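Beneath this line is the structure, given in structure tokens, with notes to follow.
The values are calculated or read from the model by the stated rules, or taken from the named source; none is laboratory data. Since the model is a prediction, treat every value here as computed from it, not as a measurement. Positions of Cβ are backbone-derived with ideal geometry, glycine not excepted, and every protein chain shown enters the neighbour counts.
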Amino acid sequence: MVKFNHMVEQRLDTTFHALADPTRRGMLATLALGEKSIGELAEPFAMSFAGAAKHVKVLEGAGLVARRKVGRNQLCRLNAGPLAEADKWLRQWEQFWTLRLDRLEALIAEDQNGGRV
């Protein structure tokens, strides 16, 4: 099993916190299609600019979004790096449980066959 250091664990905590909100997940899905302004991110959720900006700030704090100013607009783009780190963490647990469940299945089959595999 992969061991993660304390800094990686903190980044994972921040990433999963940001992903815990359905509005923020929706914003990330929108940003996967390309750069958007905060106003454009707010529109599908019928929320104020200030409300959307708070969500963007959480995403930005998790490193999932980068923001740049162009004139009066603040444009946001997706940064998938933290998602890759979270995916690596999830895959290690998927592998762990797959191995355990395969072993359990083999033990059940052995038991049902009277000790023969």
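Structural remarks
- If the condition is being part of a strand (DSSP E or B) and touching a Leu at 6+ places or on another chain (Cβ under 9 Å), then the stretch 71-97 contributes Cys76, Arg77, Leu78.
- Residues considered: Ala29, Ala109, Ala50, Ala62. Of these, the only one that is under 12 Å from the mean Cα position of the chain (by Cα) and surrounded by fewer than 13 Cβ atoms within 10 Å (Cβ to Cβ) is Ala29.
- Here the helices (runs of 4 or more DSSP H) wholly within the stretch 1-70 that include at least 3 residues being over 30 Å from Phe96 (Cβ atoms) and either in contact with a Leu (Cβ under 7 Å, 6 or more places away or on another chain) or without any contact (Cβ under 8 Å) to a residue 40 or more places away in the chain (or both) are 22-31, 38-42, 49-61.
- Odd one out for Pro44, checked against (1) under 20 Å from Gly81 (Cβ atoms); (2) exposed (fewer than 15 other Cβ atoms within 10 Å of the Cβ); (3) touching a Ser or Thr at 6+ places or on another chain (Cβ under 9 Å): (1)
- In the stretch 32-41, residue farthest from Gln10 (Cα to Cα) [restricted to those that are among the aliphatic types (A, V, I, L, M) and surrounded by fewer than 17 Cβ atoms within 10 Å (Cβ to Cβ)]: Leu33
- Scanning the stretch 72-117 for residues that are modelled with pLDDT of 85 or more and touching a helix residue (DSSP H, G or I) at 6+ places or on another chain (Cβ under 7 Å), we see that the one that is farthest from Ala42 (Cα to Cα) is Trp89.
- Listed conditions (1) out of contact with any Ser or Thr (no Cβ under 9 Å at 6 or more places or on another chain); (2) surrounded by 11 or more Cβ atoms within 10 Å (Cβ to Cβ) are all met by Met7, apart from (2).
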